Amino acid sequence: MIPDQVLVARLRAGDEAAFTWLLDRYHGPLMRLARTFVASAAVAEEVVQETWLGLLKGLDGFEQRATLKTWLFRVLVNRAKTRGVREARSVPWSALGPEDEGEPAVDPTRFNARGRWTSPPQPWEDDTPEALLLRRETRAQLEAAIEALPPRQRTVLVLRDIEGVAPDEVCGMLGLSDANQRVLLHRARAALQRALERHRAEEDERC
Amino acid sequence: MLSCQELTELVTAYLEGRLGLLDRLRFRMHIGMCQHCRTYLREQKLVIAAVGHLPAEPIPDGVRDELLDRFRDWKGEDPKP
Ligand SMILES: [Zn+2]
């Protein structure tokens, strides 16, 4: 990991190795984030290109109040929101939609009238993330479940749990209240857990 | 006492450190006594960690080359001292 200060100085001096390092590290994450805003891969690619060009334009004025990574993500979110509007696929960030509020974390039929488990979660055999992801099918299920999330939930999940962006940064980038950010994250995480639970149950049946 | 169903809706607030003192206490007490909710919480943490381990797609060579060209142009336009 190269410190931002060093990286920015090297980029300003035109160091190609530094720019290559940055491209290799962040192009994939930027693409993944862009895809949560725009439907087509081609448009996402354009938005990411614009983000890189935006980086070059803004580099001399970059003041390092945020990290380079946060700054890149912020530029991308701003561009992607504009493109989302043009694609007529934009979702309002100020209020939650019905898809974000309606569903409980766990199917209510799995509890009795007093809210105690009647169909409790079964312990998973693979109990480290590495072991879990080693199974190709589990990984595919997880990727598919992320893709199936409602757009706002998907954006928040990608920023928080994949990219490790801090909650206040995410709220700032997306124009979300702290409480709504948490609702979206909660719904997204619960949906992924449901998907994996379903997947594990199917696997157990097959054995 | 917190029910299991209520607990599953408080998991994120708990993990985010956003429960008040009393709710946090009730959450911990329930987890201490209820094996099923312990399993639920463990699996939720596992899901979060697994998501964090998903690798991004590598940048295609063509895209990298093109962006490097733009970087060279940018450097050329604006020579640094
Ligand atoms: Zn319980």
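Quick notes on this structure:
- Potential lengthening between residue A:139 and residue A:16 on full extension [0.36 nm per residue; Cα-Cα distance subtracted]: 40.8 nm
- Placing dummy labels 7 Å off each Cα toward the beta-carbon, the span from residue A:118 to residue A:148 is 2.5 nm.
- Using every pair of distinct Cα positions in chain B, the Kirkwood expression returns a hydrodynamic radius of 16.7 angstrom.
- Hydrodynamic estimate: the Kirkwood radius of the stretch A:4-86 over Cα pairs, inserted into Stokes-Einstein at 20 °C and 1.002 mPa s, corresponds to D of 165 µm²/s.
- Residue with peak Gaussian network fluctuation, chain A [Cα springs, cutoff 10 Å], from A:119, A:177, A:40: A:119
- Modelled spin-label separation between residue A:53 and residue A:99, with each label point placed 7 Å from Cα along the Cα-to-Cβ direction: 3.1 nm.
- Distance from the Cα centroid of the stretch A:147-171 to that of the stretch B:1-37 is 23 Å (rounded to whole angstrom).
- Choice from A:183, A:38, A:106 showing the highest fluctuation, given a GNM over chain A with Cα pairs closer than 10 Å: A:106
- Solvent-free Debye scattering, log10 I(q)/I(0), computed from the Cα coordinates of the stretch A:98-206 at q = 0.15, 0.17, 0.20 Å⁻¹: -0.75, -0.92, -1.14
- Sites residue B:63 and residue A:131, calculated FRET efficiency, Cβ-Cβ separation with R0 35 Å, nearest 0.05: 0.60
- Förster radius 30 Å - calculated FRET efficiency between residue A:82 and residue A:178, Cβ distance, rounded to 0.05: 0.75
- Calculated P(r) tail over 24 Å for chain A, as whole % of Cα pairs: 51
- FRET efficiency, 1/(1 + (r/R0)^6) with R0 22 Å, evaluated for residue B:45 and residue A:203 via beta carbons: 0.60
- Unpaired by the 4.7 Å Cβ criterion, cysteines found in chain B: B:4
- Distance between the pseudo-spin-label points of residue B:53 and residue A:109 (7 Å out from Cα toward the beta carbon): 3.3 nm.
- Dividing the summed -39500 (n - 2.57) terms of all DSSP H runs of n ≥ 4 by the residue count of the protein assembly as shown sets its mean residue ellipticity at 222 nm at -21500 deg cm²/dmol.
Values quoted throughout were computed directly from the atomic coordinates according to the rules given, and no laboratory measurement underlies them. Bear in mind that the values here come from a model prediction, so they are computed numbers and not experimental data. Cβ coordinates were reconstructed from backbone atoms using ideal geometry, including for glycine residues, and neighbour counts include every protein chain displayed.
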